[in-house]
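First comes the structure, then the notes that go with it.
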Amino acid sequence: LLYRSGSVELHANGIAALDKVSAQLATMASQGNEIDVVGNTDDVPIGAALADRYPSNWELAGARAAIVLRHLQNKGVDPAKMSAVSNGQYHPVASNDTAAGRAQNRRTEILI
């Protein structure tokens, strides 16, 4: 929903999903809740186009989390209540042996 493989740019569907929850997250943050934005990747090595900027999936997942965090900040969520975290490829929710599983593992979680 948020990213294509090897990309750090938010997909249009991901932007729409974040926009739907941003007001509620802003309210929750204003009530004192902490919000962790956790980036995850599949286990595919970084491609040549991104390898100079993101040498490993740790950096890629962290960049994805930071991009989501900045988007939420621009929608009114208090940045003092948010943290960006990288799980890299080390917390999969599905098998990386299939395209569908890898797509599930390329995710950003929002934990309140």
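Throughout, read-outs are computed from the coordinates displayed, never taken from laboratory work. None of the values given here were measured: they were computed from a predicted structure. Cβ placement follows ideal geometry from the backbone for every residue including glycine, while neighbour counts extend to all protein chains displayed.
Side notes on the structure shown:
- Principal-axis tilt of helix 12-30 within the chain, Cα atoms, nearest 10 degrees: 40 degrees
- Degrees, to the nearest 10: 57-74 long Cα axis against longest axis of the chain: 30 degrees
- Cleavage-rule hits (GluC sites (Glu not before Pro)) in segment 9-112: DSSP loop, at most 14 neighbouring Cβ within 10 angstrom: 9, 34
- Global form of the chain, assessed from the alpha-carbon gyration tensor, a/c cut-off 1.5: prolate
- When trypsin sites (Lys or Arg not before Pro) are flagged only if DSSP places them in a loop and at most 15 other Cβ atoms lie within 10 Å, the longest unflagged stretch of the chain comes out as 5-52.
- CD proxy at 222 nm, helix term only [per DSSP H run n ≥ 4: -39500 (n - 2.57); per residue of the chain; nearest 500]: -13500 deg cm²/dmol
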